[in-house]
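Note sheet for the following structure.
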Amino acid sequence: MLLRFALACCSLGCLASVSMADNFDRRALADKHAPAGIMGAHLHDKGEWMVEYKYMNMYMEDNQIGENKVSDATALGTATPVGPPGPGITVDGVTTNRGATPTQMTMEMHMAHIMYGASENVTLYTMAMLPSITMDHTRANYTDFTTHNSGFGDTAFGALLRVYSDECQDWIFNLGCSVPTGDIFRETSTPTGSPTAFPYPMRLGSGTFNARPGLTYRRFHDWYSWGAQFQTDLPIGKNYRGYSVGDEFRFNSWTSVLLTDNLSVSLRGEHLWRTEYDGQDPAANGTLISTNVEQFRGGYWYNLGLGAQYLFHGHYFNAEFVPTISQDLNGIQLETDYAFIASWSKSF
Ligand SMILES: [Cu+2]
């Protein structure tokens, strides 16, 4: 590492050690992949496969209007138990939470990811997702209930195209999409006793075909690497329930530092924008609860990613802790606290 550092200091090029060993592959060290929260940022050699299992858990607690946290009493519009229906709260001209307010949500996701190098310049990938969503609520009469939904989510696939590469940098275009394999028609008997549609954020998929184009830049230096990525998730048309989820735009940048050839640490910053939902599901009653309000799905989030990557006999471990540093939410929504992402992968 010290030698690398010394070489980097006296070199004008990005990779001083390239000339030291002809077969040296800088992209094979611990920082070969971007931090765990990033997808579509590396290519594979022709004929090479990669399998990955990725786990994510995101925690949300308490409501926020815009940038300000509010109490459950404020979210329900009453400090003393009434109803339901209670008075609810009016935000941006929309009255909601007359039935109940969400207080907490966890979204777990299991992901199975396969990549294949179809050629030197094209890597194909697919990813199956299994979300498991749990939401806690308080009614206007201050009794609590919990709803849960889990199963097969939407499936992503696409092609990563090498736009440009040289010995120390890559430009990669992600020609990605997702198909609506996640069920959006599931119902729950909690809390009403009769089957009711899950609110928007508890559904397993978007119900639409989504275009997910993205562009990534990566640059490798002797003892560190960095990258930047713009990634989108754009629903096309409306689903069979008459709405589409919001557009999503993410801009990430990160730096990974090699502690040894097999161990690196990373720091990442993520800007995330989501627009409100389009259309309306007739079964979503926004007056009863804020999670059914189409306008209250958008906002801006700034997330930090503190990660580590470890390469052990061909097994690649990638983990990241992702606290949300600031957020500006449309209407009233649950506040995101943090996420944890971990993955194991192997190439062969
Ligand atoms: Cu891969």
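The values are calculated or read from the model by the stated rules, or taken from the named source; none is laboratory data. Here the structure is a predicted model, which means the values were calculated and not measured. Here the Cβ positions follow ideal geometry from the backbone for every residue, glycine too, while neighbour counts run over all protein chains shown. To get the accessible areas, we keep the full protein, side chains included, count just its heavy atoms, and leave off ligands, DNA and RNA. Shrake-Rupley method; radii C 1.70, N 1.55, O 1.52, S 1.80 Å.
Within the set Gly307, Gly279, Gly299, Gly314, the sole residue that is within 16 Å of the ligand (Cβ to nearest atom) and in contact with a Lys or Arg (Cβ under 7 Å, 6 or more places away or on another chain) turns out to be Gly314.
Taking segment 119-144 on its own, how many of its residues are aromatic (Phe, Trp, Tyr) and more than 16 Å from the ligand (Cβ to nearest atom)? Let's see the steps before the verdict.
Taking segment 119-144 as the starting set, the residues that turn out to be aromatic (Phe, Trp, Tyr) are 125, 142.
Narrowing the set further to residues that are more than 16 Å from the ligand (Cβ to nearest atom) leaves 142.
Total meeting the criteria: 1.
Among residues of segment 145-155 being open to solvent by 60 Å² or more (accessible area, probe 1.4 Å) and within 30 Å of Asn97 (Cβ to Cβ), the one that is nearest to the ligand (Cβ to nearest atom) is His148. What do you reckon, is Thr232 of a type in the set (S, T, N, Q), out of contact with any His (no Cβ under 8 Å at 6 or more places or on another chain) and assigned to a strand (DSSP E or B)? For Thr232, the condition - of a type in the set (S, T, N, Q), out of contact with any His (no Cβ under 8 Å at 6 or more places or on another chain) and assigned to a strand (DSSP E or B) - is met. Among the conditions (1) of a type in the set (S, T, N, Q); (2) crowded, with 17+ Cβ neighbours inside 10 Å; (3) within 30 Å of the chain's Cα centre (by Cα), Thr126 misses just one, which is (2). Which of the residues belonging to segment 178-188 are out of contact with any Asp or Glu (no Cβ under 8 Å at 6 or more places or on another chain), surrounded by 14 or more Cβ atoms within 10 Å (Cβ to Cβ) and not basic (Lys, Arg)? Result: Asp183, Ile184, Thr188. Has segment 101-108 got at least one residue that is in contact with a Lys or Arg (Cβ under 6 Å, 6 or more places away or on another chain), at pLDDT 95 or above and open to solvent by less than 50 Å² (accessible area, probe 1.4 Å)? Among the residues of segment 101-108, not one is in contact with a Lys or Arg (Cβ under 6 Å, 6 or more places away or on another chain), at pLDDT 95 or above and open to solvent by less than 50 Å² (accessible area, probe 1.4 Å), which makes the answer no. Checked against (1) open to solvent by less than 50 Å² (accessible area, probe 1.4 Å); (2) part of a strand (DSSP E or B); (3) more than 30 Å from Phe24 (Cβ to Cβ), Leu175 meets all criteria but (1).
Quick check on Gly158: is it surrounded by 15 or more Cβ atoms within 10 Å (Cβ to Cβ), within 15 Å of the ligand (Cβ to nearest atom) and among the small types (Gly, Ala, Ser)?
On the way: surrounded by 15 or more Cβ atoms within 10 Å (Cβ to Cβ): yes; within 15 Å of the ligand (Cβ to nearest atom): yes; among the small types (Gly, Ala, Ser): yes.
Taking the combined requirement at face value, the residue satisfies it.
If the condition is being open to solvent by less than 20 Å² (accessible area, probe 1.4 Å) and out of contact with any Ser or Thr (no Cβ under 8 Å at 6 or more places or on another chain), then segment 208-223 contributes Thr216, Phe220.
Could you tell me whether segment 245-260 includes any residue that is among the hydroxyl-bearing types (Ser, Thr, Tyr), closer than 30 Å to Pro84 by Cα and in contact (Cβ under 8 Å) with a residue 60 or more places away in the chain? The answer is no; no qualifying residue exists.
Among the residues of segment 108-118, are any of a type in the set (D, E, K, R), more than 16 Å from the ligand (Cβ to nearest atom) and more than 22 Å from the chain's Cα centre (by Cα)?
no
When segment 259-312 is filtered for residues that are crowded, with 19+ Cβ neighbours inside 10 Å and among the aromatic types (Phe, Trp, Tyr), the ones remaining, listed by number, are Tyr277, Phe296. Out of the residues in segment 226-258 meeting the condition of being farther than 21 Å from Gln169 by Cα and aliphatic (A, V, I, L, M), tell me which one is least open to solvent (accessible area, probe 1.4 Å). Residue satisfying both the conditions and the ranking: Val245.
Report whether or not Arg297 is under 24 Å from Pro191 (Cα atoms) and not polar (S, T, N, Q). Spell out how you get there, then give the answer.
Numbers: under 24 Å from Pro191 (Cα atoms): yes; not polar (S, T, N, Q): yes.
It is true that Arg297 is under 24 Å from Pro191 (Cα atoms) and not polar (S, T, N, Q).
Restricted to strands (runs of 3 or more DSSP E) entirely inside segment 28-100, those with at least 1 residues that are of a type in the set (Gly, Ala, Ser) are 49-66. Residue count for segment 104-138 under the criterion of being touching a residue at least 60 places away in the same chain (Cβ under 8 Å) and either in contact with a helix residue (DSSP H, G or I) (Cβ under 6 Å, 6 or more places away or on another chain) or farther than 30 Å from Asn174 by Cβ (or both): the result is 5. For segment 78-100, the set of residues classified as of a type in the set (Gly, Ala, Ser) and crowded, with 20+ Cβ neighbours inside 10 Å consists of Gly86, Gly88, Gly99, Ala100, listed by residue number. Just wondering, is there one or more residues in segment 13-27 that are within 16 Å of the ligand (Cβ to nearest atom) and at pLDDT 95 or above? Checked segment 13-27: no residue is within 16 Å of the ligand (Cβ to nearest atom) and at pLDDT 95 or above.
Residues in segment 42-54 that are open to solvent by less than 50 Å² (accessible area, probe 1.4 Å) and either more than 12 Å from Thr216 (Cβ to Cβ) or more than 9 Å from the ligand (Cβ to nearest atom) (or both): His44, Gly47, Met50, Val51, Glu52, Lys54.
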